[in-house]
1. Take Arg46 and tell me if it is touching a residue at least 12 places away in the same chain (Cβ under 8 Å), under 18 Å from Val115 (Cα atoms) and open to solvent by 10 Å² or more (accessible area, probe 1.4 Å).
2. So if I check each of Glu38, Glu34, which one is modelled with pLDDT under 95, loosely packed, with under 15 Cβ neighbours inside 10 Å and not polar (S, T, N, Q)?
3. Report, by residue number, each residue of segment 46-64 that is farther than 11 Å from Ser32 by Cα and in a loop (DSSP other than H, G, I, E, B).
4. Tell me which residues, restricted to segment 69-79, are open to solvent by 10 Å² or more (accessible area, probe 1.4 Å) and assigned to a strand (DSSP E or B).
5. With Asp26, Asp101 as the choices, which residue is modelled with pLDDT under 95, in a strand (DSSP E or B), acidic (Asp, Glu) and open to solvent by 40 Å² or more (accessible area, probe 1.4 Å)?
6. How many of the residues in segment 54-64 are touching a strand residue (DSSP E or B) at 6+ places or on another chain (Cβ under 7 Å) and open to solvent by 40 Å² or more (accessible area, probe 1.4 Å)?
7. Among (1) open to solvent by 60 Å² or more (accessible area, probe 1.4 Å); (2) assigned to a loop (DSSP other than H, G, I, E, B), where does Gly91 come up short?
8. Would you check if Ser84 is open to solvent by less than 10 Å² (accessible area, probe 1.4 Å), part of a strand (DSSP E or B) and either farther than 18 Å from Gly47 by Cα or hydroxyl-bearing (Ser, Thr, Tyr) (or both)?
Amino acid sequence: MFFRKQKSVGNDNRPQPSEPTYIGTDCIIDGSIETVGELRIEGTVRGTLRAGTCVIAASGRVEGEVIADDVIVLGRVIGPLQASHVHLQPGAVVEGDISSDTIAIDTGARLSGAVWQAGQPRVPAGTSDSQPSALYSEALWQERHDDDFRPLKSVRPKAVNGSRY
C-alpha cells in the first residue's frame, strides 16, 4: 500500500504512432514510396506504394501497385492491391486485382478485376490437367467501355480437373 508507485498517465511503453505522410492534391509523384506508418494520398502517384496503412482520398489517384496492411480507397487505383484488409468506400474506382485476407466494398464503389484471398493459390482460366485440383472463379466485371460497366458474369465457382466443390 505505502510502497506501490502509481503508474504515470501515458506511460504504457507502447511506441507513439508517427504522423501520417501526406501527398497533397497538387502533388504528382513518379516513383516508389515506402513507409511503415500511415500514407494518405490526395494527389497522384505513379509507382509502387508500401505502407502500414494507405488511404487514397477522393481526390487521390494511384497508378501502380499498392502493398499495405490496411488499404482504404475513396479515389482511383489503377493497378493491383495487396493487403490484409481492403475497404472500398463509395466513389472508389479500382481497376486491378485485389489480394487480401478481408475486403469490404460499399455501395457506390466500382471494382474491375479479380478478388483473391491472400495466401491461396491463383488458378486462372484455361489451366492444364497437370495442375492440382482447385476452385477458381473468373473476374466478376468485364472490361470497361466508355465509363459504363457491363453486368456481372456468373459468380459460380468452376471446378478444375473435374473436382467437385
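The values are calculated or read from the model by the stated rules, or taken from the named source; none is laboratory data. These figures come from a predicted structure and were not determined experimentally. Here the Cβ is made from the backbone with ideal geometry for all residues, glycine too, and neighbour counts use every protein chain on show. Areas reflect the complete protein model, heavy atoms only, side chains present, ligands, DNA and RNA absent. Shrake-Rupley method; radii C 1.70, N 1.55, O 1.52, S 1.80 Å.
1. Values: touching a residue at least 12 places away in the same chain (Cβ under 8 Å): yes; under 18 Å from Val115 (Cα atoms): no; open to solvent by 10 Å² or more (accessible area, probe 1.4 Å): yes.
Answer is no for this residue.
2. Numbers: Glu38 fails: loosely packed, with under 15 Cβ neighbours inside 10 Å.
Just a single option satisfies the conditions, and that option is Glu34.
3. Ala57, Ala58, Ser59, Gly60, listed by residue number.
4. Asp69, Asp70, Ile72, Arg76, Ile78
5. Numbers: Asp26 fails: in a strand (DSSP E or B).
Checking each option against the conditions leaves just Asp101.
6. Let us first name the residues in segment 54-64 that are touching a strand residue (DSSP E or B) at 6+ places or on another chain (Cβ under 7 Å), namely 54-57, 60-64.
Of the ones still in play, those that are also open to solvent by 40 Å² or more (accessible area, probe 1.4 Å) are 61, 63.
Result for segment 54-64: 2.
7. So the condition that Gly91 fails would be (1).
8. Numbers: open to solvent by less than 10 Å² (accessible area, probe 1.4 Å): no; part of a strand (DSSP E or B): yes; either farther than 18 Å from Gly47 by Cα or hydroxyl-bearing (Ser, Thr, Tyr) (or both): yes.
In short, no.
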